[in-house]
2 protein chains.
Amino acid sequence: LEADDFVIIEEVLADLEPAEIALLLESLPLNERARLWERVPHDVDGEVLLHVRDEVRTTLINDMEPHEIVAATAGLDTTDLAELFEDLPKQVAEDMLRSMDELQRTRLQETLAFEEDSAGRLMRTDTVSVRADVTLETVQRFLRWKSQVPDNTYLLMVVDRNGVFMGVLPLSRLVSQDPELAVADVMNTDVDSIPVTMHSRELATLFETHDLSTAPVVDEQGLLLGRIVIDDIVDVIREDSDQALMNLAGLDEEEDLFAPVISSAKRRAVWLGINLITAFLAAWVIGRFEDALEKIVALAVLMPIVASMGGIAGSQTLTLAIRGMALGQISRTNSNWLLRKEFGIAIINGILWALVVAVVAYLWFGDSRIGAIIAAALVINIVAAGIAGILIPLLLKRMGIDPALSGSVVLTTVTDVVGFMAFLGLATIFLL
Amino acid sequence: LEADDFVIIEEVLADLEPAEIALLLESLPLNERARLWERVPHDVDGEVLLHVRDEVRTTLINDMEPHEIVAATAGLDTTDLAELFEDLPKQVAEDMLRSMDELQRTRLQETLAFEEDSAGRLMRTDTVSVRADVTLETVQRFLRWKSQVPDNTYLLMVVDRNGVFMGVLPLSRLVSQDPELAVADVMNTDVDSIPVTMHSRELATLFETHDLSTAPVVDEQGLLLGRIVIDDIVDVIREDSDQALMNLAGLDEEEDLFAPVISSAKRRAVWLGINLITAFLAAWVIGRFEDALEKIVALAVLMPIVASMGGIAGSQTLTLAIRGMALGQISRTNSNWLLRKEFGIAIINGILWALVVAVVAYLWFGDSRIGAIIAAALVINIVAAGIAGILIPLLLKRMGIDPALSGSVVLTTVTDVVGFMAFLGLATIFLL
């Protein structure tokens, strides 16, 4: 980056949405990221911070002076502020609280009191609410008097005199129905209100199944507290799906592609270490059969085939099960049915590929007994993999462990141990 | 299911949203699915068909009489009809076309002419558009005269006298601004219009980065053709993320958890077969070193550790790279940087775990040379895995192959071959 380029860069940045700047920052190595960050127009600093991943956010915040952070966050609403707040250095957070007025501070503290990933954290409080007994005409006059309605207001909330949620009035109805009608005649009461404690994942499902644009958030007494807009739910859905993908590989979903080598290495080392235990366990199983391996070298050559085919078959079942559980398709009542189905698939595919492997092994080593033994071991391992692929996530979930994160290690352990044991064990019995 | 239960079932079904019925059907084995499907109220049949996955849809349609299908789809709009149309048996599709009036038929054929997953297929044509030179008052009168505006209308489209898109008028502004103002004074012109050929994945990114609720679809001349609503984009985002997860395990994203055993087995057999080739390749590599394996049995015991650690390290890098590519974070300009970073991580983690493995191997077999050799092989394989994890998806993408689908097989091939070759090769050189 040359000095001349800076002018161009600033022009480009001025044209981009905060989310696009965020993506650009995420795509840059740390040094260049810091240099670009200095050039981002200060009035969008806060928005950009909101759009980058947690990991990247930390790198950006570290490059800012305390007063810059306070300035960047000044224009944000409470929900967004709460999201940033916990990533701030302690000193800056305190400075920020001091720089706020009483009302802002109280609101922020109220929002922070809700659990992370709850509806309370996600909701916006800029809700426009109206009463059921007024006419549409009156509502319109009220809105014109207000004159500022957020662009992502798709419907108005209808509440009673105590502020208890009654229903919603889509703007599309407000503008198309007879202005003499009362809100009560036009509003939609067939709307689920969201308890403030609902988890964001549940919320996402609700928005998807009901094709919602906005949902009302209420407290235990039914009092309207705020609204959740689909714009924010889209982020939840993306993060959620991301998490499943990353966790299957033992990664943190917030992993920054351009984090410094040391911190990435540290994070991934843990997963490698856990898998090393599995690998040693498999090696130990193999070590039990040194006798057989010493006498028949073909066993050493063929044994990885048994373990690997089991691993592949098992991970297919595991992925389906994890996704099915996330979508709510798997419950106690149908898990037996699924188990039988996966058993059936494993028998069919086990026998099919066992025959192929048996023939190749026979042609290779000219020993039909080795062919028969590897075939038997392959069927056993693929069946074990199919059953494990269903049972492991179910058990992990019952134990309160995320199956997406730890399912694959446990599964590999099972398919390695069963695979080596079946193949080398059968060989020891029948060939020695 | 007893006869008595049917009454209860019908009551429950009547209370559910089509999307919820769809999920219920997806969670049932085929027999029970067919029985429940008969009980679904016929007026939501069409909606339910829209919400289930393609795979499940086929099982449901197969259970229906042609006239039932025609009836179920009668109430659907053209976009939804087009989505179903291609899954229908040919005879039914023809019956349906005949039962439609001229206008419906033309519209359906126009929609079908757009490519699958393009904006043209996703867009709805029930757009409400207004002219820029009228007042908000006039717009309101027009809407009241229309009296029917779809509930998911969040903004009106503004067009010129030729129907060319000019901007949008959010309903929130229509209801809150002075009715004497002209549409032109209030509308938002800073809106990207969507070419009708845009791919749904690109659309999803656009909705996410710009926090859109509705986007205008235009033809090459800028003529307004329809609108895309965020409700439909949410489905695109979910399917897209699903696909990455399923493809990594060699599964089709439409895979029905409860498909019959035979069809599931067939589908998964292919993936197992492809992986078998990889496994045989690895076995062949091991076979090159029979000499070493015959003389030193410890090699057979330890060699899976080298291959497995490489596989784990590589799949972490691969997952990050695939996600980074999907998010648009990886380009030609930063791929070198990434490669160097992954090389650095691999060196650090390779050396760390190589030391651990070397010590354990030495203690286990009492031979420091074996410890040194496995350590060296482990470093080589983990480094190869890190580099392959970046290069493989980049190469596959350049070849036009989806890296999520085939990346993991290619990677496993690399880590198995390099792992066995490095370990057994070094052993042959230094121990024999």
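The values are calculated or read from the model by the stated rules, or taken from the named source; none is laboratory data. All values reported here derive from a predicted model rather than from experimental measurement. Because the Cβ atoms are built from the backbone with ideal geometry, glycine has one as well, and the counts that use them run over all protein chains shown.
Considering only the stretch A:414-422, I want to know if a residue exists there that is of a type in the set (D, E), in contact with a helix residue (DSSP H, G or I) (Cβ under 8 Å, 6 or more places away or on another chain) and over 20 Å from B:M246 (Cβ atoms). It would help to see each step written out before you state the result.
Kept after step one, since they are of a type in the set (D, E), are these residues of the stretch A:414-422: A:416.
Still in the running and in contact with a helix residue (DSSP H, G or I) (Cβ under 8 Å, 6 or more places away or on another chain): A:416.
Add one more test, that the residue is over 20 Å from B:M246 (Cβ atoms), and what stays is A:416.
Yes: the stretch A:414-422 contains one or more residues that are of a type in the set (D, E), in contact with a helix residue (DSSP H, G or I) (Cβ under 8 Å, 6 or more places away or on another chain) and over 20 Å from B:M246 (Cβ atoms).
Kindly check whether there is at least one residue in the stretch B:290-298 that is surrounded by 22 or more Cβ atoms within 10 Å (Cβ to Cβ) and at pLDDT below 90. Scanning the stretch B:290-298 turns up no residue that is surrounded by 22 or more Cβ atoms within 10 Å (Cβ to Cβ) and at pLDDT below 90. Against the condition more than 32 Å from the chain's Cα centre (by Cα) and not acidic (D, E), how does B:N152 come out, does it pass? Criteria not met by B:N152. Here A:A377 fulfils each of the conditions (1) in contact with a Phe, Trp or Tyr (Cβ under 7 Å, 6 or more places away or on another chain); (2) modelled with pLDDT under 95 apart from (2). Within the stretch A:316-370, the residues that satisfy the criterion of being surrounded by fewer than 23 Cβ atoms within 10 Å (Cβ to Cβ), within 35 Å of the chain's Cα centre (by Cα) and among the polar types (S, T, N, Q) are A:Q329, A:S331, A:T333, A:N334, A:S335, A:N336.
Tell me which of these B:S368 doesn't satisfy, since it passes every other one: (1) closer than 17 Å to B:L248 by Cα; (2) more than 14 Å from every other protein chain (Cβ to nearest Cβ); (3) among the small types (G, A, S). Result: B:S368 fails condition (1) only.
Considering only residues in the stretch A:196-210 that are in contact with a strand residue (DSSP E or B) (Cβ under 9 Å, 6 or more places away or on another chain) and within 13 Å of another protein chain (Cβ to nearest Cβ), the one that is farthest from B:E20 (Cα to Cα) turns out to be A:L203. Please verify whether the stretch B:107-129 includes one or more residues that are in a loop (DSSP other than H, G, I, E, B), more than 26 Å from the chain's Cα centre (by Cα), away from chain A (no Cβ under 14 Å) and not aliphatic (A, V, I, L, M). Among the residues of the stretch B:107-129, not one is in a loop (DSSP other than H, G, I, E, B), more than 26 Å from the chain's Cα centre (by Cα), away from chain A (no Cβ under 14 Å) and not aliphatic (A, V, I, L, M), which makes the answer no. Please determine whether any residue of the stretch B:89-105 is over 25 Å from B:S263 (Cβ atoms), in contact (Cβ under 8 Å) with a residue 12 or more places away in the chain, hydroxyl-bearing (S, T, Y) and surrounded by 18 or more Cβ atoms within 10 Å (Cβ to Cβ). No, the stretch B:89-105 contains no residue that is over 25 Å from B:S263 (Cβ atoms), in contact (Cβ under 8 Å) with a residue 12 or more places away in the chain, hydroxyl-bearing (S, T, Y) and surrounded by 18 or more Cβ atoms within 10 Å (Cβ to Cβ). Among the residues of the stretch B:233-242, just one is touching a residue at least 24 places away in the same chain (Cβ under 8 Å) and more than 9 Å from chain A (Cβ to nearest Cβ), namely B:V236.
Taking the options A:L338, A:L302, A:L318, name whichever one is in a helix (DSSP H, G or I) and over 30 Å from B:E239 (Cβ atoms). Break it down into steps so the answer makes sense when it comes.
Numbers: A:L338 fails: over 30 Å from B:E239 (Cβ atoms); A:L318 fails: over 30 Å from B:E239 (Cβ atoms).
Sole residue among the options that is in a helix (DSSP H, G or I) and over 30 Å from B:E239 (Cβ atoms): A:L302.
Taken over the stretch A:243-269, residues that are without any contact (Cβ under 8 Å) to a residue 12 or more places away in the chain and more than 7 Å from every other protein chain (Cβ to nearest Cβ) amount to 3. Using the structure shown, decide if A:A313 is at pLDDT 90 or above, in a helix (DSSP H, G or I) and within 7 Å of another protein chain (Cβ to nearest Cβ). Spelling it out, A:A313 is indeed at pLDDT 90 or above, in a helix (DSSP H, G or I) and within 7 Å of another protein chain (Cβ to nearest Cβ). Within the stretch A:9-23, restricting attention to residues that are within 18 Å of B:N334 (Cα to Cα) and facing chain B (nearest Cβ under 9 Å), the residue that is surrounded by the fewest Cβ atoms within 10 Å (Cβ to Cβ) is A:E20. So, A:V360, is that one free of Cβ contacts under 8 Å to residues at least 24 places away in the same chain, of a type outside the set (D, E) and more than 25 Å from A:A326 (Cβ to Cβ) or not? So A:V360 fits the description; yes. When A:I373 is tested against the conditions (1) crowded, with 22+ Cβ neighbours inside 10 Å; (2) in contact with a Leu (Cβ under 7 Å, 6 or more places away or on another chain); (3) more than 7 Å from every other protein chain (Cβ to nearest Cβ); (4) under 30 Å from A:L206 (Cβ atoms), the lone failure is (4).
Under 18 Å from B:W284 (Cα atoms), without any contact (Cβ under 8 Å) to a residue 40 or more places away in the chain and not aromatic (F, W, Y), is that true of A:L302? Full working, then the answer.
Details: under 18 Å from B:W284 (Cα atoms): yes; without any contact (Cβ under 8 Å) to a residue 40 or more places away in the chain: no; not aromatic (F, W, Y): yes.
Judged against the criteria, A:L302 is not a match.
I'd like to know if the stretch A:75-82 contains one or more residues that are in contact (Cβ under 8 Å) with a residue 12 or more places away in the chain and either over 21 Å from A:M123 (Cβ atoms) or within 13 Å of chain B (Cβ to nearest Cβ) (or both). Checked the stretch A:75-82: at least one residue is in contact (Cβ under 8 Å) with a residue 12 or more places away in the chain and either over 21 Å from A:M123 (Cβ atoms) or within 13 Å of chain B (Cβ to nearest Cβ) (or both). Only one entry of A:V70, A:V40 meets the criterion of being more than 27 Å from the chain's Cα centre (by Cα), surrounded by 17 or more Cβ atoms within 10 Å (Cβ to Cβ), at pLDDT below 85 and β-branched (V, I, T), and that entry is A:V70.
Of the candidates B:S147, B:S172, the single residue that is over 34 Å from the mean Cα position of the chain (by Cα) and without any contact (Cβ under 8 Å) to a residue 24 or more places away in the chain is B:S147. Quick check, is A:V383 surrounded by fewer than 20 Cβ atoms within 10 Å (Cβ to Cβ), within 14 Å of another protein chain (Cβ to nearest Cβ), in contact (Cβ under 8 Å) with a residue 12 or more places away in the chain and not in a loop (DSSP other than H, G, I, E, B)? So A:V383 fails the test.
May I ask you to list the residues in the stretch B:151-167 that are more than 10 Å from every other protein chain (Cβ to nearest Cβ) and surrounded by 19 or more Cβ atoms within 10 Å (Cβ to Cβ)? It would help to see each step written out before you state the result.
First, pick out the residues of the stretch B:151-167 that are more than 10 Å from every other protein chain (Cβ to nearest Cβ): B:157-167.
Within the stretch B:151-167, B:M157, B:V158, B:V159, B:F165, B:M166, B:G167 qualify.
Sort out which residues of the stretch A:25-35 are buried (at least 20 other Cβ atoms within 10 Å of the Cβ) and assigned to a helix (DSSP H, G or I), and write them in order of number. Matches in the stretch A:25-35: A:L25, A:E26, A:R33.
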